[in-house]
Structures are given as C-alpha cells and as structure tokens.
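Novice: Here it is, the structure in full.
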C-alpha cells in the first residue's frame, strides 16, 4: 500500500514537471500573441473598477464607459510619450558633453589605479570610449520604440474586445473572490508604483537632474519587480548624476531621497494594503523572475510578480491546489487555519 502511494506521488510529480516544461515551451513559442494578451488582460483588470464606477454610480452605458476608459489610456500615452522623447532628445544633444566628462572621469580613475601599481592602457580605453556609437544606439532605441508602439496598439485592441465581452452572471463564489483579490492587487500595485514613480521623478526634477522624467518612468516600471526593482531604480540615475553634478550634495540627495520613498511605500504602505495577498517567498520571486524572463524576456521579468501573485491567489481558494499556494509563500509545512 505504501509502495503504491509512493509510486503515485512519483508519477504525479513527474507529470507535473513535464507539464511545466510543456507549458513553458508553448508560452515561449506563442510569445508574440501571449504577451499582448496578458498585458491586455492586466489592463482590463486594472480599469474594470473605473468602468464599474461609471456604470454603477454615474449610470453610463457600459460600452460608452469602455471607450471613455480606453480614451483616457491613449490620452495618457499621448501626454507622456512627448516628454520621454523630449528627454531623450535633450540627452542626445548633450551626448558629446557627457562623453567628454566620462573621458575625464576615466582618466582620473586610471591615475588613481596607477597609485596602487595597477597598470591600465590609458590610450586603448580612452579611444574606445571616444568612439562609442551613440548614433547606432539612438537608431536601436527608436526602432524599439516603434515596435513598442505597434504592440501597444495591439494591446489596446485586445483590451477593448475583452472589456466589451459580456460578463457572466452565473459565476461561483470562489471565482468572484479570486477576481476581487486580483483586482485589488493589480489596482493597488499600479497606484503604489505610480506614486513611487511620480515622487521619484519630482525629486529628480526638483534637483534639476537631466532625464528626470525618464528615471521617474523607469522607477514606475521597475517597481513591479519586487526587491530588485527598487534597488535598480535607485542605482540607475547615479552615473548620470555623478557626471552632471560637481557638488556631491546633489548626488547624495539623489540616492537618499528616492530610497526613503521606496522604503516608505514598498516596506510600510504596501504590506499594510496587500496583507497576505502577495506573501511570496524571496526564493519564489527569484525563480519566477528567472522563469518568466527566460520565456518572455524583459516583459516577462516585469510580469513575473503579478502573474505569480495571481496564481497564488487562485491556488489558495481550493483545497486541491492549496499546497502549491503554501509552496509559493514558503510555508508548505504550515497547516491551513
């Protein structure tokens, strides 16, 4: 009897591993369709409360509220994109000046290394940095931006059809509870990430830092990556600030103030709002980042935490999948309360 039970566990575990490999292969193969679809699904969940508010409180027809919500999203991007393009253009106009400052900085660092008897070929490094292909990098950024805009259009179309779909009225209590928790997580995470990005951007702008808007936008995006995203968002502006400012006070403020914002929002506010909803073990976060990054690249890294959190929320509602939820939060040994 025990051997039969053990054999069934081994077979079940093997089938689960094979299923994960098969699903990963399918998701990677269908990336061009699945990534826009998942983004559209998350946007649909995000703006669903706005549509419900219009239909229930303002008595607006659902189809009208859908188009109003989509218009607000497109209008938001119409406002934001010119700022990003303007910031990039300003940076490119100052590229030669930045390049010159980098060369001076590298020259100083090479001199410091010489004091420790570390010999570095000064000419090779300086010539390499002097010949950095800024134009090629600009062309690559512009081509990727064009690709992003085309995918954004596809996401908007998919979101529209998802929103226009008729809601089912005969859903189970478990399903309604899952959807409610997922909506709360997605909407709250968007709000806290937006607040973090806006505050960080205002700090950079107040300190008169170049590319302040871009770094604020990157802070918003990277905030969706738990643990690592906040660290990367704080470290990214340091090289630009180090080159731009001669006064070290500004550099210290650019490091300190955004760090305080991340600590307050990420470590104090978010846990109080989410409670045990996210509750993912750090190892789970790392493995999910690796898994989704291998499948969908950088977009997969951004979506790793939301997708894993949604899976955990769903697994918690059924006794059959509850052990998987406990595994994701690192408490497989705990009993259900």
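Novice: Can you give the FRET efficiency for residue 72 and residue 206, using 1/(1 + (r/R0)^6), R0 = 22 Å, r = Cβ-Cβ distance, to the nearest 0.05? Before the final figure, lay out the partial values.
Specialist: On the way: r = 28 Å, r/R0 = 1.25.
Between residue 72 and residue 206 the formula returns 0.20.
Novice: Mind giving me the nanometre distance, one decimal, between the label points for residue 18 and residue 107, set 7 Å out from Cα along Cα→Cβ?
Specialist: The answer from the label model is 6.6 nm.
Novice: A further question follows. What per residue convex hull volume, in Å³, do the alpha-carbon atoms of the stretch 230-306 yield? Walk me through the numbers before you get to the answer.
Specialist: Working: hull volume 7.6 nm³, N = 77.
Spread over its residues, the Cα hull of the stretch 230-306 gives 99 Å³ apiece.
Novice: Still on this structure: Measuring from a point 7 Å past the Cα of residue 256 along Cα-to-C-beta, which residues in the stretch 204-225 have an amide N at less than 12 Å?
Specialist: Of the residues in the stretch 204-225, none has backbone N under 12 Å from the label point off residue 256.
Novice: When a footprinting reagent is the concern and you count Cβ atoms within 10 Å, what order do 227, 61 take, fewest first? Before the final figure, lay out the partial values.
Specialist: Working: 227 13, 61 10.
Final ranking by Cβ density, sparse to dense: 61, 227.
Novice: Right, here's the next one. Arrange the following residues from fewest to most other Cβ atoms within 10 Å of their Cβ: 185, 204, 252.
Specialist: Working: 185 21, 204 25, 252 12.
Fewest-to-most Cβ neighbours within 10 Å comes out as 252, 185, 204.
Novice: According to a simple spin-label model (label point 7 Å from Cα along Cα-to-Cβ), what is the distance in nm between residue 194 and residue 164?
Specialist: Going from the residue 164 label point to the residue 194 one covers 2.5 nm.
Novice: Return the FRET efficiency for the residue pair residue 298, residue 11: r is the Cβ-Cβ distance, R0 is 41 Å, and the value is rounded to the nearest 0.05. All intermediate terms of the calculation are to be shown ahead of the outcome.
Specialist: Details: r = 37 Å, r/R0 = 0.90.
Efficiency for this residue pair is about 0.65.
Novice: Which FRET efficiency, nearest 0.05, do residue 26 and residue 238 yield, Cβ-Cβ r, R0 30 Å?
Specialist: Details: r = 40 Å, r/R0 = 1.35.
FRET efficiency, residue 26 to residue 238: 0.15.
Novice: Got a sec? How would 196, 284, 188, 30 order by Cβ neighbour count within 10 Å, fewest to most?
Specialist: Working: 196 26, 284 20, 188 16, 30 11.
By the 10 Å Cβ count, ascending, the order reads 30, 188, 284, 196.
Readers should treat all values here as calculations from the given coordinates under stated rules, not as data from a laboratory. Not measured: the values here are computed from a predicted model. As a convention, Cβ positions derive from the backbone with ideal geometry for all residues, glycine included, and neighbour counts pool all protein chains shown.
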